[in-house]
Amino acid sequence: MNMHRKVMINVCRLRGTGVQLNQSKCLHSSCCKNLILERNIHWHVSSSVNVNFLDLNSLNKNPSNMLFGKIVSSIPSVMLYSTVINPIQLCWNCNDSVNSNSIFCDSCGVLQPVNRSADYFQIIGVDRSYRTDNTSLRQKYRSLQTLLHPDKFSSKPKKEQELSEEFSSVVNKAYSTLTDPLERGLYLLGLHHVSIEEGTTDVDKTFLMEIMERNEEIENETDPQKLKNFYANNKDQLDDLISKVAEAFDSNNIEAAKKLLTKMKYYHSIETKIKEIKQKLNIPD
């Protein structure tokens, strides 16, 4: 039985039959429960079995029939087939096939349009998680901007210049969103098709009264030390909520994350107000 690594759209490479895709989940009528993701191939297993990942991860090049047989022999009485997870598109310059997640065309080297179906985590190249490694995030962002900054395309054709500006803008937006705990949480909610409407009062009345009282205290305060104390206390509240939001997303409790992020918005508003008052009074941080 021969298996090809060549990417094709919606085709079972072992069976040669059509396969419907829904993001990373295959809807083929014969596809069963377990999924192993290995580079550009989805391996679907029809029953619960143990798989030798060392063999699967050794597929750096087109696997030979001997290697493929070795893999199949390690998964008795199951059915394997592969599907595409990264759809291809045509390069706008040379019309050669380009992976939709590629930044440059492998054939002619020109910059490609940003993949609008990719989320901010995919664009930056980090795991989709509320918990972020800011050092890694910053490094990946800087690497992308080194490649995409419009100044590097000043002598390129107008099309590439426009693509560079668009791509760089999207990367900037992705980075600013993912580095801000509140914006990152709201964005993750959006990926789960959940949003927090402006002016929402989906919090208990006691909490709302506390927020109103704190706002009144801050508005009438001019003492630098007291404003600094307000800011420090508010930051502690935000840090505690950030930790709880992370736990909620870790457990996939989207409703809990939404309620916590709603509270975060109130504390974020207080933080902004304190900064504005300190700036108006020329109070240093």
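Here is how the numbers come out for the structure above:
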quantity	calculated
Among (1) within 30 Å of L189 (Cβ to Cβ); (2) open to solvent by 90 Å² or more (accessible area, probe 1.4 Å); (3) at pLDDT 95 or above, the one test that K158 misses	(1)
Where a residue in segment 106-125 is within 21 Å of T177 (Cα to Cα) and its partner, wherever it lies, is open to solvent by 30 Å² or more (accessible area, probe 1.4 Å) and among the hydrophobic types (A, V, I, L, M, F, W, C), with Cβ under 7 Å and at least six apart	D119/L191
Residue list for segment 166-222, filter: open to solvent by 60 Å² or more (accessible area, probe 1.4 Å), without any contact (Cβ under 8 Å) to a residue 40 or more places away in the chain and of a type in the set (D, E, K, R)	E183, E197, E198, D204, K205, E210, E213, E216, E217
Helices (runs of 4 or more DSSP H) completely within segment 144-229 that count 3 or more residues being touching a helix residue (DSSP H, G or I) at 6+ places or on another chain (Cβ under 8 Å) and farther than 26 Å from Q279 by Cα	158-178, 181-191
Q237 vs. criteria part of a helix (DSSP H, G or I), of a type in the set (S, T, N, Q) and either more than 24 Å from L186 (Cβ to Cβ) or open to solvent by 90 Å² or more (accessible area, probe 1.4 Å) (or both)	no
Among (1) outside any helix (DSSP H, G or I); (2) exposed (fewer than 12 other Cβ atoms within 10 Å of the Cβ), the one test that T135 misses	(1)
Matching residues in segment 241-285 - criterion: being crowded, with 16+ Cβ neighbours inside 10 Å and out of contact with any helix residue (DSSP H, G or I) (no Cβ under 8 Å at 6 or more places or on another chain)	A246, K259, T262
Residues of segment 108-119 that turn out to be crowded, with 20+ Cβ neighbours inside 10 Å and either farther than 23 Å from K152 by Cα or polar (S, T, N, Q) (or both), as a count	1
Unique match (being over 30 Å from Q139 (Cβ atoms) and modelled with pLDDT of 95 or more) among N215, N233, N220	N233
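Table: residues versus (1) without any contact (Cβ under 8 Å) to a residue 40 or more places away in the chain; (2) out of contact with any Ser or Thr (no Cβ under 6 Å at 6 or more places or on another chain); (3) not charged (D, E, K, R).
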position: K235; (1), (2), (3): yes, yes, no
position: L238; (1), (2), (3): no, yes, yes
position: E247; (1), (2), (3): yes, yes, no
position: K258; (1), (2), (3): no, yes, no
position: M264; (1), (2), (3): no, yes, yes
position: I270; (1), (2), (3): no, yes, yes
position: K273; (1), (2), (3): no, yes, no
position: K280; (1), (2), (3): yes, yes, no
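The values are calculated or read from the model by the stated rules, or taken from the named source; none is laboratory data. Just so we're clear, the structure is a prediction, and the values are computed from it rather than from any experiment. FYI the Cβ positions are ideal-geometry reconstructions off the backbone, even for glycines, and counts take in every protein chain you see. Side chains included, ligands, DNA and RNA excluded: accessible areas come from the protein's heavy atoms. Shrake-Rupley method; radii C 1.70, N 1.55, O 1.52, S 1.80 Å.
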